[in-house]
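Reviewing the structure listed below.
The values are calculated or read from the model by the stated rules, or taken from the named source; none is laboratory data. Model, not experiment: these values are computed from the prediction. Note: ideal-geometry Cβ built from the backbone for every residue, glycine included; neighbour counts use all protein chains shown. When the accessible area is computed, the model is the full protein with side chains, heavy atoms only, and any ligands, DNA or RNA have been set aside. Shrake-Rupley method; radii C 1.70, N 1.55, O 1.52, S 1.80 Å.
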Amino acid sequence: MAADMRRDGRSAAMLRPMACERGVLRRADGSARYSHDLTSVLVAVYGPCEVKKRREELERATVEVIVRPPAGPPRAREREMEAQLHGLFAPLIVGALHPRTAISIVVQLVDDDGSACAAAINATAVALMDAGVALRAMPSAVALALGADGDAASALLDPCRSEEERAAGALTIACARAPSAADAPPAIALLACAGAALEPEQLDAHVRLAQGSHDLICELARRALAEGMVV
Amino acid sequence: MLWVRPPATPAPPHAGARATWVTPGEELCEEVGFLRGHGTYVKDGMLVAAVAGVVERVNKLVSVRPYNARYGGEVGDVVVCRVVDVGAKRWKVDVNARQKGVLLLSSINLPGGEQRRRTAEDQLNMRQFYVEHDVLSAEVQTFFADGAMSLHTRSLKYGKLGCGTLVTVAPSLVRRAKQHFHTFDFGVATIFGMNGFIWVGIATALSPKADAMDVGSTRDGGIGEEAQESDASFHVRERTCRVCNAIVLLDRFFMPVAAAPVHALYEKSIEAGMSPWDMLLPENAILLADGLRASGVLGVRVADE
């Protein structure tokens, strides 16, 4: 799993072809479909709208996230994704603009061929912008499949499902650019690591891979918002 | 009644499109000397975009207008809406907002211009006024506690609309103006609803009808109802279609939707010898849009960097 080509012809640090489409669902306030090649995620955003009394927050909007798998009932993996998405987007959304309301994010994993969480984050970002919900910054996310040694050289960017299953660990990194740092690399907004112990230097190398993808994904999202459908 | 849908061909990007778009997190300008408008927030003394959309600068006010925000509504806005449900003493209408709008029985004009309490008989006769799928023009009266809009048609110029076409545009493209009811000199009337619903119809039936004052007539005020099929000759329909397509083009290119740009596009398409349906072909559309931009009819500065 070193410098050789991967099964689909990519090098270790190449992203899959991505597609992004916004405004897919007519009845939702905002919606988007994001695909990393065969992995496809559909996100609908509703809000700001009415919130149940017990979940009401007096000073900000309540962000609710629901993740559903392609088939079957939601399990631990989907619950974990809900927590990760909530942890990422609740601070990013300017909730103070809409106190005592709810912003619901509904994520439907349509096809899962690896990097589902990263695709869900990318789709959610576009759906929130499609809905006109105020965000502090625009996030993007990629996934990494880690080798047994945790080295950056053996990590695979944007793994497909077979690569994810064979990997020793998985890393999902979301980046967002702070407003005053237009030229600097984007800051980390979400870091989720499972299954591998990493040294700080190794982590830095992985993070740099993710930061390199940020601009590409943001440009794709920007074009999708401007034009409709871009592949 | 026709439904006009935007064409399936995607809108081509025009020169300068990249310069006008911002996404959340992009810095706009320094906070000092500028007023913060919608869609922005302040961070470290700089105004930063909070939504994805077009930057608007009006004197010192800097705001970002999102492309696809649902219609929020303000008291006094003229809207065009479609009845969705007939309920107890109210109609539920689709106003292109997050929730359905409400038209209370007490907020409509009774025939004969009466001012009286609505009785149980009025409640039973609600379907004589409006039923499902009727299109009507109304004004926003107030908001309920949960944010739903309450409308009224307490003026003869509001009411049921007939013999026309409904075109849907992005609500942010319709600007507040002195007049939302506009009649073009070639016999087509339009109502630019602030919620993005634009009604285009025949002008002959625009004036309030005399029989709205008849006692016993169960009709609210309104326009176009009395126009018969015979009034809609081929030429009038063709002109209506051309106006509809002009509005669709303005929406496609994200330009303000108002009487002046619509009229300019109408004239240009006739000068160029296009038929109404050819106006929507991509090559013709770009031609018309560029011509419109060059003519300076669009008075609003849209984010020239």
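Structure notes:
- Within the stretch B:66-83, the residues that satisfy the criterion of being surrounded by 16 or more Cβ atoms within 10 Å (Cβ to Cβ) and over 12 Å from B:H152 (Cα atoms) are B:P66, B:Y67, B:N68, B:A69, B:R70, B:Y71, B:G72, B:G73, B:R82, B:V83.
Matching residues to (1) closer than 24 Å to A:C49 by Cβ; (2) without any contact (Cβ under 8 Å) to a residue 60 or more places away in the chain:
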site	(1), (2)
B:A88	yes, yes
B:K100	yes, yes
B:S106	no, yes
B:S137	no, no
B:G159	no, no
B:C163	no, no
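- Hey, A:R222 in contact (Cβ under 8 Å) with a residue 12 or more places away in the chain and charged (D, E, K, R) or not: no
- Residues being of a type in the set (D, E, K, R), surrounded by fewer than 16 Cβ atoms within 10 Å (Cβ to Cβ) and over 17 Å from A:A187 (Cβ atoms) - total across the stretch B:37-58: 0
- Of the set (1) at pLDDT 60 or above; (2) under 30 Å from A:R26 (Cα atoms), all apply to B:F234 but (2).
- Test: residue in the stretch B:13-23 that is within 26 Å of the chain's Cα centre (by Cα), at pLDDT below 65, open to solvent by 30 Å² or more (accessible area, probe 1.4 Å) and within 9 Å of another protein chain (Cβ to nearest Cβ): yes
- Some residue of the stretch B:202-218 being of a type outside the set (A, V, I, L, M), buried (at least 19 other Cβ atoms within 10 Å of the Cβ), at pLDDT below 85 and in a helix (DSSP H, G or I): no
- Just one of the listed residues (B:E26, B:E114) is among the charged types (D, E, K, R) and within 26 Å of B:S155 (Cβ to Cβ), namely B:E114.
- Residues of the stretch A:53-79 satisfying the condition of being open to solvent by 50 Å² or more (accessible area, probe 1.4 Å) and without any contact (Cβ under 8 Å) to a residue 40 or more places away in the chain: A:K53, A:R54, A:R60, A:A71, A:G72, A:P73, A:R75, A:A76, A:R77, A:R79
- Cβ-Cβ under 8 Å pairs, at least 6 apart or on other chains, the stretch B:24-47 side more than 7 Å from every other protein chain (Cβ to nearest Cβ) and polar (S, T, N, Q), far side surrounded by 19 or more Cβ atoms within 10 Å (Cβ to Cβ) and in a strand (DSSP E or B): B:T40/B:L28; B:T40/B:L47; B:T40/B:V48; B:T40/B:A49; B:T40/B:V62; B:T40/B:S63; B:T40/B:V64
- For B:A97: the one exception among (1) under 24 Å from A:Y46 (Cα atoms); (2) open to solvent by less than 10 Å² (accessible area, probe 1.4 Å): (2)
- Going through (1) modelled with pLDDT of 95 or more; (2) assigned to a helix (DSSP H, G or I) one by one, A:V65 falls short only on (2).
- Only listed residue being open to solvent by 60 Å² or more (accessible area, probe 1.4 Å), touching a helix residue (DSSP H, G or I) at 6+ places or on another chain (Cβ under 9 Å), within 28 Å of A:R22 (Cβ to Cβ) and away from chain B (no Cβ under 14 Å), chosen from A:L144, A:L209, A:L191: A:L191
- Residue check for A:A44: in contact with a strand residue (DSSP E or B) (Cβ under 6 Å, 6 or more places away or on another chain) and closer than 20 Å to B:G147 by Cα: no
- Taking the criterion of being closer than 30 Å to B:V22 by Cβ and buried (at least 23 other Cβ atoms within 10 Å of the Cβ), the residues of the stretch A:158-183 that qualify are A:D158, A:T172, A:I173, A:A174, A:C175, A:A176, A:R177.
- In the stretch B:138-201, counting only strands (runs of 3 or more DSSP E) that sit wholly within it, the ones holding 1 or more residues that are buried (at least 19 other Cβ atoms within 10 Å of the Cβ) and in contact with a Gly (Cβ under 9 Å, 6 or more places away or on another chain) span B:149-153, B:159-161, B:164-168, B:188-192.
- Search result, residues across the stretch A:20-48 that are assigned to a strand (DSSP E or B) and open to solvent by 50 Å² or more (accessible area, probe 1.4 Å): A:E21, A:R33, A:Y46
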